[in-house]
Each structure stands twice: as C-alpha cells, then as structure tokens.
Amino acid sequence: MGMVENEEIVIVGGGIAGLATAVALKRVGFQARVLERHHELRAGGTALGLAPNAWYALRALGVDSKLTSTHQIFTKTVVTNLETGDTQVMAFPMKKDRGDDIGARYVQRKTLLKALAEELPPDTIRFSSKLISIKSETLQDSSKVTALHLDDGSIIKSKVVIGCDGVHSAVAQWLGLSQPLNSGRSAAYGLAVFPEDHGFEMLVRQYLGGSVRAGFIPLNSKEVYWFFLHKSSSFEQDTSMSPELILKEVTDNLAKDFPSDFLLVAKHTDLSTLAWSPLQFRAPWNVAFGRTQNGNVTVAGDAMHPMTPDIGQGGCSALEDAVILARCLNQAHATATESQCWVENALKRYVDERRWRAACMVAGSWLSGMVHQGGCGDQQWWSRATRWFRDRFLYKFVLPKLVNFVWTDCGDLGSPVTHGAGSK
C-alpha cells in the first residue's frame, strides 16, 4: 500500500475549471489541492472566446484585470455564405458595468491558465498525478471521506472532491453520469503565427459551406486563431497524431475552395498547436437529471457539462461553475453549526443552481452547431430547410436573443446577482 495523505478539499484536474475553482476557494478562505495528470500546465486548445459572462466570473476571481489590458474587445462577426456569396454582419453587444468595459475577447488558453495559476500558492498543484480509482470510506465518527488512488500507488483521502477532469471524467463516471455522445462532427483548429503584421482587421470571420463552418480570429498583430468544423469521417482517426497530415487535409481537400485569407492563415499554422478532435457533449437530460453530486463529491466544467463549441461557452461555463461552487461553500460555512452535513448541503445547492442553465447551454450549443452547418447534410429536405432558416433568421434574430440568456452575470463570491443571499 502506498503513502496515504489527507486533504480537506481535492480538485481533480488542472485545466480551466480546476484552477478557477481553486482560486475561487482560496478567495473565500478554503485551501484546495489540485491533482493534474500532466507534468505541467496543459497548453492545448490554442485559444478560446471569453464572453461577458466569463469576464464577470473572472472579475469575481480577481483575475480579469491581468487579461483585459492585453486583449481587446471584439464587436462584430462577419459571416460569409460560400454557396451564395452573401455576407451578414452580427454585432456583439458591449456593456459598461462598474466602470468596466464588458465584451467578448479572445485569449490563448495557456495565457488564461497561467493567470489563474499565479493566484495560487506554489504547492497547490500536484503534477504527474493520474487518478486510477475512487472509493468512499466511513470514519469512526460516522463522517465520510473519499479515497483517491493514484497511479504512483499513493492514496489521498479528502473530505471534499471536485472533479474537473474533463470530458472523459473519472469522477463523473464514478458518480454515474453517462458517457459523452458524439455529435457526428469534428473540428480542426490551430494557431497561425506570422513573422510580421498579418494586416487583418480585428474582427471575427466565419465561412459557411454546405455542411462545414470555419473561421479565424486575430489575437494580436502576429497571431491568428482558426477553426474548421465538418462532418466526422474516418480520416481523422488516422491523422489525429500527425499535424502535417491534418493541415494538408484541411488546406488541400476540405477547405481547398475557401477564400484565400482563410487558406493563408491555415498555412501559417504553428504545427505544435494543431489539433483535430470529434465534438462531444453530454445529453442535456443527463446534465439536468443525472447524479452530478454524491455526498461530498461533485463535478464542474467539462466533467459536468461537456458541450460542442458552437456558442463558445465551454470555458465560460467552467468559470461560472467555479464562482458559484465557492459561493455555495462560503455561504454554507458562514451559517454552519456542528453538523457534518453543511458541505453536502452546499454542493447540493451548487448543483441545483447550475444544472438547468448548464443543460440549456449544452442543448443550445448542439442545436446551434447543427443549424450553423446546415443540418450537416447535402440532399435531405431538412438540411435545405435548416440552411434557409440559418441564412434568414439565425444571425439577425435568434443569436442576438440567445446572447441575452448566455451573457449573464453569475455574481460575486459573496452573493449572486439575482437573489441576495447572506455572505460570510
């Protein structure tokens, strides 16, 4: 039997959800240990869009000011239909809140992780710690702990466990949540690096084809994030580990008839950033009704609600999770008596507050992706109907309304925005 360690709170996973949760807990007076299976912070994922709801969460975490000064707000996206040549412009709303400009910005994933990690004590993250199994144990005083068995033989016993271990979460599996579903679509994405100023205007460009959607977003004067979404095929199974073949398939086959600007960006890709993966999601009803908490164990981020990237809310929702989870523990601790159940009650409250919004996000992302890509079919009548709806209503009427639901303020660590609860 390996070495046994005892912790108050353990977070499994050192991605956006895990680090943000650790920062949030630290802000309200709880120290957590983060277990990360890699030997360093993961830099994959190139870049992500952070909508206003993410910036509200980052402000609650005290991290927003480290990023806003170097990342500008995007105010519009230009959408080009490659079949008809028509172009639509959708404006991104921008708000003033507490004197801050709140809007959509794009940030490299590694930059966000670094900003979060800098807020934590140096020994918070335990690297090279892969979770093998989970067991629940009852102590002599009738309280429960969760034993986390790691691949190096060590065991960590913790009073609270928060699974932030991604789409294929071991903690979610232990809770009994269903495995993520394949959407039938895949995505290639990468970061293009230009030796000199690329000259592109700082706006989001999207291109719609028969069953594909692609685009690119300048991050600064020399770096451009790009993506290409398409119907899944057997090809990516053979090239998932070969960046050169992935790029060749995109530029020489899938996007060969795309505008020259997109091809120029793709051909400047830093191959170390290139990835190709299937788009997966958890069934919305499983998020809404599944067991996302058991005793003092729960999940957050992709471990709770993996979703497709079509409304750009995966990372944003993870940041919301972190704030709300820490707030629920904070408020429960402030009114706790000698009862051992205050943590469990706090986690139940967190799950109740998150499950329906998260389920709606998952469903909205999947539906948006199907509409964006014209139903992902070429001949079916419903594919033609989907494209007709997309081209006439999606960008003018539907997405602006969806933004009002998505871009909401999750509140501070002491109290939510919509209902003033007591704080510590």
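The values are calculated or read from the model by the stated rules, or taken from the named source; none is laboratory data. Source: prediction; values computed, not measured. All Cβ positions, glycine included, derive from the backbone under ideal geometry; neighbour counts span all protein chains shown. For the accessible areas, the whole protein counts, side chains as well, though only heavy atoms, and no ligand, DNA or RNA atoms are used. Shrake-Rupley method; radii C 1.70, N 1.55, O 1.52, S 1.80 Å.
Need one number: % antiparallel among DSSP beta bridges in the chain, to the nearest 5. The partial results should precede the final answer.
Details: 52 of 73 bridges.
Of those bridges, close to 70 percent are antiparallel.
Only four residue types carry charge here, +1 at the Cβ of Lys and Arg and -1 at the Cβ of Asp and Glu. Report the dipole size of the chain about the Cα centre in Debye, rounded to the nearest 20.
Details: 44 positive and 43 negative charges, 197 e Å.
Dipole of the chain, to the nearest 20 debye: 940 debye.
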- Task: Could you tell me which helices of the chain pass both thresholds, a Cα extent of 20 Å or more along their own axis and a mean Kyte-Doolittle hydropathy of at least -0.5, with helices taken as whole DSSP H runs?
- Result: 314-334, 342-372
- Heavy-atom accessible area of residue 403, protein chains in place, probe 1.4 angstrom, given in Å² to nearest 10, is 20
- Query: Among 21, 84, what's the order by accessible area (1.4 angstrom probe), most exposed first?
  - Reply: 84, 21
- Accessible-area value, residue 101, 1.4 Å probe, nucleic acids and ligands omitted, Å²: 70
- Nearby aspartates and glutamates by direct alpha-carbon distance to residue 267 (threshold 13 angstrom, same-chain neighbours under 8 apart not counted): 223, 244, 249, 252
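Taking a cut-off of 16 Å, what percent of all Cα-Cα pairs in region 287-331 are separated by more than that?
Numbers: 428 of 990 pairs.
Distances greater than 16 Å cover 43 percent of the Cα pairs.
What net charge do the residues around residue 221 carry, taking every other residue with its C-beta under 9 Å from that of residue 221, with Lys and Arg at +1 and Asp and Glu at -1?
Summing Lys and Arg as +1 and Asp and Glu as -1 gives -2.
With a sphere of radius 12 Å drawn around the Cβ of residue 174, what net charge do the other residues whose Cβ falls strictly inside it have (Lys, Arg +1; Asp, Glu -1)? Please report the intermediate quantities before stating the final value.
Working: positive: 135, 291; negative: 165.
That works out to +1.
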- Kirkwood hydrodynamic radius of region 43-179, from inverse mean 1/r over distinct Cα pairs, in Å: 19.0
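Excluding residue 39 itself, calculate the net charge of residues whose Cβ lies under 14 Å from the Cβ of residue 39, where each Lys or Arg counts +1 and each Asp or Glu counts -1.
Working: positive: 37, 42, 126, 130; negative: 36, 40, 151, 152.
With Lys, Arg at +1 and Asp, Glu at -1, the net is 0.
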- Kindly report the accessible area of the chain per residue (heavy atoms of protein chains, probe 1.4 Å, no ligands, DNA or RNA), in Å². 44
- In the Gaussian network model of the chain, springs joining C-alpha atoms below 10 Å, which of 122, 400, 306 carries the largest mean-square fluctuation? 122
- Task: Name the residues whose placed amide hydrogens come within less than 5 Å of the amide hydrogen of residue 215, ignoring near sequence neighbours (fewer than 5 apart) on the same chain.
- Result: 207, 227
- Message: If the reach is capped at under 19 angstrom between alpha carbons, list the aspartates and glutamates near residue 248, excluding any in the same chain fewer than eight residues apart.
- Response: 236, 238, 257, 261, 270
- Dipole check, region 1-118, charges on Cβ (K,R +1; D,E -1), about Cα centroid: among 55, 6, 32 the Cα furthest to the positive pole belongs to 55
- Item | Compactness of region 1-111 as Cα Rg over 2.2 N^0.38 Å, two decimals | 1.43
- Item | Built amide H within the under 5 Å cut-off of residue 7, gap 5+ | 157, 158, 159
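Would you mind checking 26/130; 96/222; 110/130; 95/256; 110/135 for any pair whose Cα atoms are more than 31 angstrom apart? Can you show the working numbers first?
Details: 26/130 23 Å; 96/222 29 Å; 110/130 21 Å; 95/256 39 Å; 110/135 33 Å.
Beyond 31 Å between Cα atoms: 95/256; 110/135.
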- Per-residue accessible area for residue 189 at 1.4 Å probe radius, Å² rounded to 10? 50
- FRET efficiency, residue 291 to residue 69 (Cβ-Cβ, R0 60 Å, nearest 0.05): 0.90
- Message: Mean-square fluctuation check for the chain, GNM, Cα pairs under 10 Å: which of 321, 302, 270 is largest?
- Response: 270
- Task: Report, to two decimal places, the Cα Rg of the chain normalised by 2.2 N^0.38 Å (N = number of residues).
- Result: 1.00
- Taking the chain and counting helices only, DSSP H stretches of n ≥ 4 at -39,500 (n - 2.57) each over all residues, the nearest-500 ellipticity at 222 nm comes to -9500 deg cm²/dmol
- Task: Enumerate by residue number the trypsin sites (Lys or Arg not before Pro) in region 251-336 meeting two conditions: DSSP loop (anything except H, G, I, E, B), and at most 13 other Cβ atoms within 10 Å of the site's Cβ.
- Result: 256
- Message: What is the percent carbon and sulfur in the accessible area of the chain, measuring with a 1.4 Å probe over the protein chains and ignoring ligands?
- Response: 52
